[in-house]
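For reference, the structure discussed in these notes is given below.
The values are calculated or read from the model by the stated rules, or taken from the named source; none is laboratory data. Predicted model only: the values in this text are computed from it and were never measured. Cβ placement follows ideal geometry from the backbone for every residue including glycine, while neighbour counts extend to all protein chains displayed. When the accessible area is computed, the model is the full protein with side chains, heavy atoms only, and any ligands, DNA or RNA have been set aside. Shrake-Rupley method; radii C 1.70, N 1.55, O 1.52, S 1.80 Å.
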Amino acid sequence: IFAAGNDMTGMSSYPGAYRDYISVTAMSCDYTPAYYTNYGKWVRISAPGGDQMLSNAYGGVYSTSVASDGSSGYEGSQGTSMACPHVSGVAALIVSQFGAPGFTNEQLKEKLFSTARDIDSYQGPIYNGRGTYAGKIGKLVDAGAALDSGEVPPVSDQPTITPATGQNDS
């Protein structure tokens, strides 16, 4: 799970652009892409990433921070790197509820993507005078839908435990 990038472009950004990776775009509070997020058909999921341009100076995602004087607190930040922890957290919830021996990466991705909300209808017809974001920002991650999505099919391949030399399987 990697950030799509903050370059306001339709070009892919690595490592999130690798085929087997999950690239995350950043959404604003109105279900439209945050002004800075990268986008494209290679993106399959989005999450709140903050948008201080749309909201105000406090329109970021709040996170802990440490100031240069060593004091700590919370501050609003924005970026696709702020969106990634939302998706990582939902992925962890999916594994904690549905994971079992034999639960695969592909099953996790399927549950993550199939329960995300389609937000294409919120995308206007034009961005930067060139087209629409529909189909280029992914679906919005949805923890509630993921956890309410039923049972994972029974795992057919149970792991085989082979004792090391000199050990038994008890």
- Collect the residues in the stretch 110-120 that are surrounded by 17 or more Cβ atoms within 10 Å (Cβ to Cβ) and not hydroxyl-bearing (Ser, Thr, Tyr), keeping them in residue-number order. LYS111, LEU112, ALA116, ILE119
- Residue list for the stretch 17-56, filter: surrounded by 16 or more Cβ atoms within 10 Å (Cβ to Cβ) and closer than 14 Å to PHE113 by Cα: ILE22, SER23, VAL24, THR25, TRP42, VAL43, ARG44, ILE45, SER46, ALA47
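Out of ALA134, ALA83, ALA145, report the one residue that is at pLDDT 85 or above, open to solvent by less than 40 Å² (accessible area, probe 1.4 Å), assigned to a loop (DSSP other than H, G, I, E, B) and not β-branched (Val, Ile, Thr).
Sole residue among the options that is at pLDDT 85 or above, open to solvent by less than 40 Å² (accessible area, probe 1.4 Å), assigned to a loop (DSSP other than H, G, I, E, B) and not β-branched (Val, Ile, Thr): ALA134.
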- Note on the structure: Note on ALA92: of the conditions (1) at pLDDT below 95; (2) loosely packed, with under 15 Cβ neighbours inside 10 Å, unmet is (1)
- Query: Condition test on GLY70, is it open to solvent by 20 Å² or more (accessible area, probe 1.4 Å) and more than 30 Å from GLN107 (Cβ to Cβ)?
  - Reply: yes
